[in-house]
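A.B. asks: Sending over a structure as structure tokens; questions will come in a sec.
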Amino acid sequence: MNGPVPIAVLRQHLIDPEICIRCNTCEETCPIDAITHDSNNYVVKADVCNGCMACVPPCPTGAIDNWRNVLEADAYSIDEQFTWDALPAQNTTASPALDEVAPQPGGAAESAETSEGIEVDTVRGSTLPPWSSARPYVNLYTHKDPVSATVVGNYRLTDESTESDIHHIVLDFGTMPFPVLEGQSIGVLPPGSTKDGKTHHARQYSIASPRDGERKGYNNLSLTVKRVTQDYQGNAADGVCSNYLCDLKKGDKVDVIGPFGSTFLMPNHPNSHLLMICTGTGSAPMRAMTEYRRRRRLKGATGKLMLFFGARTKEELPYFGPLVNLPRDFIDTTLAFSRTAGQPKRYVQDAMRERAADIAQMLRDANTYIYVCGLKGMEDGVLQALRDIAEQHGLEWEPLWKTLKREGRLHLETY
Ligand code: A2P
């Protein structure tokens, strides 16, 4: 019997190279390793991606959420995607079958199945913001159309005696709109080009100042930037953008894109508690949130603030001076130093265990929001500490963890 030959149609998952800020979040999140990258682009393997959507909510820019209907045999290969500067147009003239593709599963997947059928929990933190957070703006400025900001301040934060060179950099947007919220980030376009002559992609930095400006009422924001002299393996390396930023002088102009991020946001209800855990420059969003709460406190915010902050030494801890001067009844701060001469190594998760009873009390409260930002390595340790503390205090971690995630109360940003 002769019948129509079925046409295999694919709704191909693609990443928009014009919006992507190469932050690696999607590749880290994908439960089945369908995402990869080269020095140019992040791309999705058509033959591996199962459309589980786990990568979509964590993407800070929305670049991940692009789909093209293609004949399966014509799917864009990863080598082709690596060369793109822009997404191909949606094919509207091909076979009618291309318009009849079943829609992708919708919504934010919290888990996905591997090819062996084992369920894995792929998303460890919330993919939703707190219920009371303000509504963020994202992608107002893109690689193609950045906004120019002026450097109005650039100060070293770490003690001159240490090699660690961390800067507090203030950028002013003049009359250009750049509305931000605490927990959001921006992209900075370093000048110059890569070895193969392409312009640099933007590098992402968390905002360290509150929504109403580094200087209240001014159209400016601050960043916490560490000069990069080594790669992750400890080999000598120059951070293209971080070093450019650390060297900027007052009056210099910087091309900025963003803002980015719509989940790592603070609650706005005044009785909400913040449990903040960070290392190094991961302190930027914590500084932003703390300062916003400090400004709001005068207007009656009553929730607790608890901070665990890790650094190698006191001299390498950004914002050490101002931080230790904040009143204890405003913020309960515990510092953890890993390389203080004559002292045992101490990480944030060790400090959390010492304060287990207070953390357990916060975990019991539905108004508690948890933020973790800093080194990738700390994420496991912090989650393990939360689990142990919960269980020691009669709280079942697995259901609590699910609740925290579902309610936009557990935010992880590590790199
Ligand atoms: P370490 O002395 O072991 O490097 P950095 O200065 O590199 O940004 O690191 C900030 C702090 O985070 C340092 O004290 C560092 O300690 C610490 N750290 C490193 N790995 C972990 C981890 N797995 N969990 C928590 N803290 C960590």
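A.B. asks: In square nanometres, what is one fourth of the surface area of the convex hull spanned by the alpha carbons of segment 135-291?
C.D. replies: Working: hull surface 42.3 nm².
Average projection, Cα convex hull of segment 135-291: 10.6 nm².
A.B. asks: Out of all Cα-Cα pairs in segment 210-308, roughly what percent, to the nearest whole number, are more than 23 Å apart?
C.D. replies: Looking at segment 210-308, the distances longer than 23 Å represent 40 percent of pairs.
A.B. asks: Now for a separate question. In nanometres, what is the gap between the two model label sites at VAL48 and LYS198, each 7 Å from Cα along Cα-to-Cβ?
C.D. replies: Here the answer is 1.9 nm between the modelled labels.
A.B. asks: OK, next. Add -39500 (n - 2.57) for each DSSP H run of 4 or more in the chain, then divide by its residues: what number comes out at 222 nm, to the nearest 500 deg cm²/dmol?
C.D. replies: Rounded to the nearest 500, the figure is -5000 deg cm²/dmol.
A.B. asks: For the chain, with equal point scatterers placed on the C-alpha atoms only and solvent neglected, what are the log10 I(q)/I(0) values from the Debye formula at q = 0.06, 0.07, 0.13 1/Å, to two decimals?
C.D. replies: -0.27, -0.36, -1.20
A.B. asks: In segment 312-372, what is the volume of the convex hull around the alpha carbon atoms, normalised per residue and reported in Å³?
C.D. replies: Expressed per residue, the convex hull around the Cα atoms of segment 312-372 is 108 Å³.
A.B. asks: Further question: For ALA341 and ASP365 in the same chain, what is the full-extension length gain: residue separation times 0.36 nm, less their Cα-Cα distance, in nm?
C.D. replies: Values: separation 24, 0.36 × 24 = 8.64 nm, distance 3.81 nm.
Here the answer is 4.8 nm.
A.B. asks: A further question on this structure: Given R₀ = 25 Å, FRET efficiency for LYS314-TYR415 by Cβ-Cβ distance, to 0.05?
C.D. replies: 0.60
A.B. asks: Using each residue's phi in segment 191-196, evaluate 6.51 cos²θ - 1.76 cosθ + 1.60 at θ = phi - 60° and report the 3J(HN,Hα) Karplus result to the nearest Hz, with x for Gly and Pro.
C.D. replies: x, x, 9, 6, 4, 8
A.B. asks: Hey, another quick one. Note the full-extension length gain between GLU391 and ASN139 as 0.36 nm times their separation in residues minus their Cα-Cα distance, in nm to one decimal.
C.D. replies: Extra length from GLU391 to ASN139 when fully extended: 86.6 nm.
A.B. asks: Residue by residue, what Karplus-based ³J(HN,Hα) values in Hz, rounded to whole numbers, does segment 229-234 have, using 6.51, -1.76 and 1.60 with θ = phi - 60° and x for Gly and Pro?
C.D. replies: 10, 9, 8, 4, 8, x
A.B. asks: Could I ask something else about it? Just check segment 295-415 against the gyration tensor rule for me: Cα atoms, a ≥ b ≥ c as the square roots of the eigenvalues, rounded for a/c under 1.5, and otherwise prolate or oblate depending on whether a/b exceeds b/c.
C.D. replies: Numbers: a/c = 1.77, a/b = 1.18, b/c = 1.50.
Oblate shape, in that a/c is at least 1.5 and b/c is the bigger or equal ratio.
A.B. asks: Largest first and to the nearest Å, give the Cα extent of segment 19-95 along each principal axis.
C.D. replies: On the principal axes, segment 19-95 reaches 35, 25, 20 Å in Cα extent.
A.B. asks: Between 0 and 90 degrees, rounded to the nearest ten: what's the tilt of helix 284-297 against the longest Cα principal axis of the chain?
C.D. replies: 60 degrees
A.B. asks: Stretch GLN233-ASP380 to full length: gain in nm at 0.36 nm per residue minus the Cα-Cα span?
C.D. replies: 50.9 nm
A.B. asks: May I ask you to evaluate 6.51 cos²θ - 1.76 cosθ + 1.60, the Karplus curve with θ = phi - 60°, for each residue of segment 30-45 and list the ³J(HN,Hα) values in order in whole Hz, giving x for glycine and proline?
C.D. replies: Couplings: 4, x, 10, 6, 8, 10, 9, 8, 10, 6, 9, 9, 9, 9, 10, 7 Hz.
A.B. asks: Something else: In a shell of Cβ-Cβ distance under 9 Å around LEU412, excluding LEU412 itself, what net charge do Lys and Arg (+1) and Asp and Glu (-1) give?
C.D. replies: -1
A.B. asks: Another question, if that's okay. With a sphere of radius 12 Å drawn around the Cβ of ALA86, what net charge do the other residues whose Cβ falls strictly inside it have (Lys, Arg +1; Asp, Glu -1)?
C.D. replies: -2
Bear in mind these aren't lab numbers, they're just calculated from the coordinates by the rules spelled out. Worth saying up front: this structure is predicted, and the values here are computed from it rather than measured. Cβ coordinates were reconstructed from backbone atoms using ideal geometry, including for glycine residues, and neighbour counts include every protein chain displayed.
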